[in-house]
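Okay, so here's the structure we're looking at.
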Amino acid sequence: MELPHLPLLILLITPCSSLSENLPLPAVPAAGPLHRDQPFIVVWNMPTANCHKRHNVQLDLKEFGIVENNRQRFQGEKMSIFYRDHLGKYPYLSNDGREVNGGIPQLGDLASHLSLTALKLDVLLRPSFSGLGVIDWEEWQPLWESNFGSRIKYRRLSKQLVRQDRLDLSEENVTRLARQEFEKSARAFMEETLRLATRSRPKGFWGFYGFPSCLNKHKRKTDQSYTGRCHKGTKQRNDRLSWLWAQSTALYPSIYLPQRLAGSINAALMVRHRLQEALRVASLWRHENNNNQATPVLPYTRLAFTHSLNFLNKTDLEHTLGESASLGTAGVVLWGDIKFAKSKEQCILLRHYIHSVLGPFIHSLRADTLRCSLQLCHSHGRCARRNPNSSHRLSSASTSDPHDDADSTSRKYYQQHFMCQCYSGWTGPQCQKSGQNEG
């Protein structure tokens, strides 16, 4: 994945304080940079090609180091996302009650699905594809108990399917068997789809949007007791999805903000705990293509609040992009729908936001992550908070030059509040030792 990067200068890095020496190192090497010398990237996943093509409004994303497909195509060599009707024959129940491709995983045609998926990948992506490959299936969840609310219909139809063949079973046994059959089939669809993608395009970073989950949604603006912690059963549920993490070469949790969290510290709490869970999963399970390092985590975020065109301000960006960088993720994906390019007026608003708020913030944030990596980790690792639950941000140590070794203030700040997560092949508190990582 190509990304404009700043030239490297030789740094004389002074030894860190004893604080670093006493800190336990991560059990597995950190996910390597998705582009050389770039600890943190921002990827554009918005269908905004029409701004230039139809409305003659140029967004100039590269000016701020934002990774984009050629001509800002929605699917391309840097970023491709596949929705429910755009990859194979994904079974789901439509809003009007239709059973599409069988409706539930048990009635889906997996062989046909995989055959069509292979054809789709051959048409859209080169064999050398090395970008982000995201599958966005949101109609049902692979674990039975996670299908609640509007998804309860998948449980009902699954039990109905069992009753058709087993009239003798009690309700308890119907539910038990329906659960087994649903989870087995759901796993097959998700697992085999990922296996096909990672084998046919092994250099890509493949994963499902919204996974792993945390279930820590902030429900009420007046909630004074919100902690941001994941639902108490989150770890157990995500541990049961070990088969999914073992087939994923990237993780894409969602950190979208609702309007009610505008400017609120609760936004940072929500994002923080979602990312902590994703990073936990990434460190425990790895695809065979990446078994010598943690799986990269790239949360999906928006430049506007959910269900709106209201842009995030700098504080909101700190709570999403800034939080992601400070916790040590490999980057973020910026998502938005076609509404952002629906008219010339909207494109002009988007361009103004990019040039005045979003772009400068991203440019500064990327410089901050690079500076910390250079000053603290010999550019052989990624910085992450020593205490994940603190509010210390990489941006708090900003200087005008990311390669400025004279700024002892920023170095001291990094040493006190951040640690190095070394890339594969490097060890030591400052990633200064070449060789196999311990652990």
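Quick notes on this structure:
- Test: residue in segment 300-320 that is in a loop (DSSP other than H, G, I, E, B), farther than 30 Å from Arg199 by Cα and under 16 Å from the mean Cα position of the chain (by Cα): yes
- Residue within segment 353-366 that is in contact with a strand residue (DSSP E or B) (Cβ under 9 Å, 6 or more places away or on another chain), of a type outside the set (S, T, N, Q), more than 22 Å from Arg36 (Cα to Cα) and surrounded by fewer than 21 Cβ atoms within 10 Å (Cβ to Cβ) present: yes
- Pick from segment 396-439, criterion over 27 Å from Val28 (Cα atoms) and of a type in the set (Val, Ile, Thr), ranking: modelled with the highest pLDDT: Thr409
- Cross-chain or 6+ apart pairs with Cβ under 9 Å, segment 196-211 first and within 12 Å of Phe82 (Cα to Cα), then among the acidic types (Asp, Glu): Phe208/Asp136; Tyr209/Asp136; Tyr209/Glu138
- Considering segment 175-197, the residues that are touching a Ser or Thr at 6+ places or on another chain (Cβ under 9 Å) and crowded, with 22+ Cβ neighbours inside 10 Å include one that is nearest to Trp285 (Cα to Cα), namely Leu194.
Every residue, every condition in (1) within 23 Å of Thr409 (Cα to Cα); (2) of a type outside the set (S, T, N, Q); (3) out of contact with any Gly (no Cβ under 6 Å at 6 or more places or on another chain), yes or no:
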site	(1), (2), (3)
Thr329	no, no, yes
Lys339	no, yes, yes
Lys342	no, yes, yes
Tyr353	no, yes, yes
Pro360	yes, yes, yes
Asp368	yes, yes, yes
Gln375	yes, no, yes
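- Condition check for Val28: surrounded by 18 or more Cβ atoms within 10 Å (Cβ to Cβ) and at pLDDT 95 or above: no
- Among the residues making up segment 36-80, those that are in contact with a His (Cβ under 9 Å, 6 or more places away or on another chain) and not in a loop (DSSP other than H, G, I, E, B) are Gln38, Ile41, Glu63, Phe64, Val67, Arg71, Gln72.
- Comparison of Glu172, Glu138 shows that the only residue that is over 27 Å from Gly336 (Cα atoms) and surrounded by fewer than 18 Cβ atoms within 10 Å (Cβ to Cβ) is Glu172.
- The condition of being in contact with a Pro (Cβ under 6 Å, 6 or more places away or on another chain), more than 21 Å from Ile354 (Cβ to Cβ) and either without any contact (Cβ under 8 Å) to a residue 12 or more places away in the chain or not in a helix (DSSP H, G or I) (or both) holds for only one of Gln293, Gln236, Gln276, that being Gln293.
- Every test in (1) among the hydroxyl-bearing types (Ser, Thr, Tyr); (2) surrounded by fewer than 20 Cβ atoms within 10 Å (Cβ to Cβ); (3) within 18 Å of the chain's Cα centre (by Cα) is passed by Ser200 save one, and that test is (3).
The values are calculated or read from the model by the stated rules, or taken from the named source; none is laboratory data. No experiment lies behind these values; they were computed from the predicted model shown. In this analysis, Cβ positions are derived from the backbone assuming ideal geometry, glycine residues included, and neighbour counts consider all displayed protein chains.
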